[in-house]
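Structure incoming, see below.
The values are calculated or read from the model by the stated rules, or taken from the named source; none is laboratory data. A quick note: this is a predicted structure, and the numbers were derived from the prediction, not measured. Cβ coordinates were reconstructed from backbone atoms using ideal geometry, including for glycine residues, and neighbour counts include every protein chain displayed.
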Amino acid sequence: MARFDVYSNPDKSEHQHTPFVLDVQNDHLSGVETRIVIPLRDAQAHGSRLERVHPAFSIKGRDVVLDTPTMATFPRAWLHTPVASLAPQRATVQDALDTLFGSY
């Protein structure tokens, strides 16, 4: 598992509005049984957004919004093979986290 890897949402009943989750946990904490993830919600279903807290991305041809304020922990076992990586957009993701936590 790597920070900024994108996974299919393990809750299949949510795929229509939340198809993916983004792992944002530090890579050095691999021994922890949970991972901190942020939902990547369908852009059409998300509605209004704050640009810096809710950046938009395209994952596997689907427009999604990073719903940073609703991050959560998932058991590591729920996350299987990554479907994409947002490592090239690391600065945008980090800016959303910094904006949420006040480090800007």
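Taking Val32 as the residue in question, decide whether it is among the β-branched types (Val, Ile, Thr) and within 13 Å of the chain's Cα centre (by Cα).
Against the criterion (among the β-branched types (Val, Ile, Thr) and within 13 Å of the chain's Cα centre (by Cα)), Val32 does not qualify.
If you check Asp95, Asp42, which single one turns out to be surrounded by 11 or more Cβ atoms within 10 Å (Cβ to Cβ), modelled with pLDDT of 90 or more and touching a His at 6+ places or on another chain (Cβ under 6 Å)?
The conditions single out Asp42.
Got a sec? Which strands (runs of 3 or more DSSP E) wholly within the range 50-104 have at least 3 residues that are under 12 Å from the mean Cα position of the chain (by Cα) and free of Cβ contacts under 8 Å to residues at least 60 places away in the same chain?
Those strands (runs of 3 or more DSSP E) span 56-59, 62-66.
Among what's in the range 8-49 and is hydrophobic (A, V, I, L, M, F, W, C) and part of a helix (DSSP H, G or I), pick the residue that is farthest from Ala87 (Cα to Cα).
Checking each candidate, the answer is Ala45.
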